[in-house]
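Below is one structure; the comments refer to it alone.
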Amino acid sequence: MADMAERITDIGPPKYDDMWPQIVKDNYGKWLYHDILEPGVMVHVSETGAKLFTVRCPGTRLMTTMMVEELCKIADAHCGGFFRFTTRNNIEFMVDEQSKVEGLKKALAALKLPIGGTGACVTNIVHTQGWVHCHTPAIDASGVVKAVMDDLFEYFGSHKLPAHVRISLACCLNMCGAVHCSDIAILGVHRKPPVIEHSHLDKMCEIPTTIAACPTAAIKPSKVDDFKSVVVNADRCMFCGNCYTMCPAMPLADADGDGIALWVGGKVSNTRSMPMFSKLAIPFIPNEPPRWPTTVKAIRNIVEVYAKDANKYERIGEWAERIGWERFFEKTGIEFSHHHIDDYRFAMTTWRHSTQFKFTK
């Protein structure tokens, strides 16, 4: 009888430890600590005395096979054929001797790959699919991320910030990206209900399934001009695009209604303070392809004010909590409007909702 741990099918990914370098296999569960030697270069030290040196550079979510081949060549030449991608699309090359680090860095420089993304920096932006592939985006993903990181590039290969800043992007509020808990979150927002193509809907869609897809029960069946169709209660619509997922005859994209909301202060980390949800900073910025200048300027403003005012090791949310969110809006120059007052029934988990919520001088 085959061992239950033995893989007997080709369905699913290979077992994770099959992809480890030998030094990682030999020291699994034995790592004592790690240090950042310089931006983008780390060392992990094992209780056995072994040291693993890691060099990090940025990658992209959408990458050509030619680029992957170049990365494989570097890994073959310097790292025994091993490299890895992080969850934020960074690329990490690992060597077992410090003497191998310089040659690896020169190889990355020849490929014009900058080194950084560790420690008190802005590391790679994790993002969703945007206009390239997704069917419900309000904004592009890769284009916005490219524009933002071009502007903040000085913070990628340096440790000039008080703590690390994690920026994420989701191209609609279904949030395939981790914008609910990022230091700065870029969220695509729709502001208009779907257009209903009544003459096509019954031919393309299952009406009961389309109705059931709506999380707010805003859709109901209707007969329009002799067509079996649906109607949408605009007051109940949350512009999520679930209906369009089920029914292509209910497109949601709109040039004037779609844009960007910026959120701040979230984090997954449990150090120094509890994990925090992102909070709304700017409710709406219009789509401005190809370089999204207003969004880029707003994000740089938040980063620079935070860098100047926060204490060392303080994340953006921790800084805002310490000075008070009223002061956050005051210092960043962001307008506080009625859009920030949350009437959601769990509002106590986002903003203070008592009469004590007021600006003070």
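Shown in residue order for the range 90-100 are the 3J(HN,Hα) couplings computed by the Karplus curve 6.51 cos²θ - 1.76 cosθ + 1.60 at θ = phi - 60°: 6, 10, 10, 10, 10, 10, 9, 9, 5, 5, 8 Hz (x for Gly and Pro). Comparing mean-square fluctuations of Thr136, Thr295, Thr87 from a GNM of the chain with C-alpha springs under 10 Å, the top value falls on Thr87. At a probe radius of 1.4 angstrom, the accessible area of the chain per residue rounds to 54 square angstrom.
Beyond a 25 Å Cα-Cα separation, which of these cross-linked pairs lie in this structure: Lys51/Lys312; Lys112/Lys160; Lys105/Lys160; Lys160/Lys267? Beyond 25 Å: Lys51/Lys312. Note on Lys223: lysines with a C-alpha under 18 Å away, same-chain residues under 8 apart excluded, are Lys203.
Return the aspartates and glutamates within reach of Lys220: Cα separation strictly under 18 angstrom, same-chain partners fewer than 8 residues apart disregarded; answer none if there are no such residues. Filter leaves Glu197, Asp202, Glu206, Asp235.
Please tell me the relative contact order of the chain in percent, rounded to the nearest whole number, where contacts are Cα pairs under 8 Å and at least six residues apart. Working shown, then result.
Numbers: 654 pairs, mean separation 43.8, N = 361.
It comes to 12 percent, rounded to a whole number.
Over the range 85-216, what is the percentage of antiparallel beta bridges among all DSSP beta bridges, to the nearest 5? Display every interim value, and only then the final one.
Values: 1 of 8 bridges.
Counting only bridges with both partners in the range 85-216, antiparallel ones make up about 10 percent.
For Arg56, the solvent-accessible surface with a 1.4 Å probe is about 40 Å², rounded to the nearest 10.
Once amide H atoms are placed 1.01 Å from N in the peptide plane, what residues at a sequence separation of 5 or more from Cys121, or on another chain, have their amide H within under 5 Å of its amide H? HN-HN under 5 Å from Cys121: His164, Val165. Report the relative contact order of the range 56-147, percent, no decimals, based on alpha-carbon pairs under 8 angstrom and at least 6 residues apart. In percent, rounded to a whole number, it is 28. Ordered from largest to smallest accessible area (heavy atoms of protein chains, 1.4 Å probe), the residues Cys134, Cys79 come out as Cys134, Cys79. When the chain is treated as a GNM with alpha-carbon contacts under 10 Å, the residue of Tyr16, Tyr306, Tyr33 showing the greatest mean-square fluctuation is Tyr16.
Which of the helices in the chain, when you take each full DSSP H run, stretch at least 15 Å along the axis at their Cα atoms and have an average Kyte-Doolittle score of 0.0 or higher?
Numbers: long enough: 65-78 (20 Å, 0.29); 293-309 (24 Å, -0.11).
Within the chain the helices that satisfy the rule are 65-78.
For the range 230-289, which trypsin sites (Lys or Arg not before Pro) are in a loop by DSSP, counting at most 15 other Cβ atoms within 10 Å? Show your work: numbers first, answer last.
Values: sites: Arg236, Lys267, Arg272, Lys279; in loops: Arg236, Arg272.
Loop-located and lightly packed - Arg236, Arg272.
Just checking the listed ones, Ile211, Ile282, Ile115: in the Gaussian network model of the chain with Cα springs under 10 Å, the one fluctuating most is Ile211. When you restrict to C-alpha pairs under 8 Å that are six or more residues apart and normalise by the size of the range 1-123, the relative contact order lands at 25 percent.
May I ask you to give the percent of accessible area on the chain that is carbon plus sulfur, with a probe radius of 1.4 Å?
Carbon and sulfur: 56 percent of the exposed surface of the chain.
Remark on Ser269: its backbone amide H falls under 5 Å from none of the residues 5 or more positions apart or on other chains, H modelled at 1.01 Å from N. Here the alpha carbons of the chain define both size measures, Rg and Dmax, at 24.0, 78 Å. A straight Cα-to-Cα reach below 18 Å connects Lys297 with the lysines Lys146, Lys308, Lys331, residues fewer than 8 places away in its own chain not being considered.
The values are calculated or read from the model by the stated rules, or taken from the named source; none is laboratory data. The shown structure was predicted, so the numbers you read here are calculated from the model rather than taken from an experiment. Cβ coordinates were reconstructed from backbone atoms using ideal geometry, including for glycine residues, and neighbour counts include every protein chain displayed. Calculation scope for accessible area: heavy atoms of the full protein, side chains included, ligands and nucleic acids excluded. Shrake-Rupley method; radii C 1.70, N 1.55, O 1.52, S 1.80 Å.
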